[in-house]
Amino acid sequence: MNVRKKLMLLGFSLFAINTFAQTVDFGLKVGMVYNADKGAFKALNGAIDEKGKGSVGFQGGAMVRIKAGGIYVQPELLYTAFKNEFEEAGETIDVKKSRLDIPVNIGKTFAMGLVQIQTGPVFSLNFEDTIDSDGINFPDATERDEIGLGWQIGTGVNLKGLNIDLRYEFGLNKNITKYNIAGAGEFQTENRSNLLNLSVGYFF
C-alpha cells in the first residue's frame, strides 16, 4: 500500500472515530415523579384492605444518549423514591418505596433537534420499602418482589445541552411487599408503576 493510500485510510479512520465520538453524549438529570397508583395496604388476616393515594416523589441519576441513523438510544441509571398514603382507623400510614431504575428509551428528534419523542422499557430494582405511621418508622420489608418491569412513552425539548423531559410510565407487573410487625401482625402492600416523570438534565 503506497503512502497516499495509507494517508487516505488514516484520514478516513480519524474521521470515522470523530464522527462516532460526536454521537455519544453523557449527562445528569434530576426531577420529580407523580405516583398516580393508589396501591393497596392489606392485613393478611383480612382485617384491613385499603386503597390509598399517590404523591409526588424524586428521581435523579445519569444518562447516555447514543445517536445513529437519525434515531438515538438513551439508557439511564436513576434513583427513584415515592410513596402511597393510606388512612386507617384515623391514622395516616405512609408506604415509602425506593428503587433503582434502568430505562432504555429509543427516540427521535425533530425541528433541528429541538423536540424529541421516545419510548422503551424500564427495569426496576426494588431495594427499600418502609412503613411510617404518624411519625413511627417500622422495620423494612421481610419479603419483596425485587424486580419490576414497566414501559415509558414521552416527549421533551432540547436547548443545546439542556434537556427537559416528560414521560409517562406504566407497570407491566405488580410488585408485592410483605411486612411482619411485632404486636400488629403481617401486612402486605401492592403496587403497579403508574408514574408521570418530569425531569431536567444536561448533556456534557
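A Förster radius of 30 Å, combined with the Cβ-Cβ distance separating Y202 from V56, puts the computed FRET efficiency at roughly 0.85. Other residues lying with their Cβ under 13 Å from the Cβ of D25 contribute a combined charge of +3, Lys and Arg counting +1, Asp and Glu -1. Averaged per residue, the chain has 56 square angstrom of accessible surface, using a 1.4 angstrom probe with ligands and nucleic acids left out. Listed by chain and number, the lysines placed with their C-alpha closer than 18 angstrom to that of K174 are K38, K42, K51, K53, K83, K96, K97; residues fewer than eight positions away on the same chain are left out.
By the compact-protein rule of thumb, 2.2 N^0.38 Å, the alpha-carbon radius of gyration of region 73-137 corresponds to a ratio of 1.67.
Which angle between 0 and 90 degrees, to the nearest 10, do you get for helix 3-21 versus the longest principal axis of the chain when only C-alpha atoms count? Roughly 20 degrees between the two axes. Relative contact order, whole percent, for region 21-62 stands at 48, derived from Cα pairs under 8 Å and 6 or more residues apart. By the equivalent-ellipsoid construction on the alpha carbon gyration tensor, region 154-204 comes out with semi-axes of 38, 13, 7 Å, ordered largest to smallest. Computed extension length for K108-F127: 3.6 nm, one decimal, from 0.36 nm per residue of separation with the Cα-Cα distance subtracted. Residues whose amide H falls under 5 Å from that of A141, counting only those 5 or more places apart or on a different chain, are D129, with hydrogens built in the peptide plane. For region 69-204, the convex hull drawn through the C-alpha positions has a volume of 119 cubic angstrom per residue.
If you average the sequence gap of Cα pairs under 8 Å that are 6 or more apart and divide by the length of the chain, what percent do you get for the contact order? Contact order relative to length: 21 percent.
Its DSSP H runs of at least 4 residues, each contributing -39,500 (n - 2.57), put the calculated 222 nm mean residue ellipticity of the chain at -3000 deg cm²/dmol, to the nearest 500. Expressed as a whole percent, the accessible area of the chain that falls on carbon and sulfur atoms is 66 (1.4 Å probe).
Model label points for L44 and W151, set 7 angstrom from Cα along the Cα-to-Cβ axis, are 3.3 nm apart.
The values are calculated or read from the model by the stated rules, or taken from the named source; none is laboratory data. As the structure is a prediction and not an experimental result, all values here were calculated from the model. With ideal geometry, Cβ positions are generated from the backbone for all residues, glycine too; neighbour counts draw on all protein chains shown. Side chains are part of the model used for accessible areas, which takes the heavy atoms of the whole protein and leaves out ligands, DNA and RNA. Shrake-Rupley method; radii C 1.70, N 1.55, O 1.52, S 1.80 Å.
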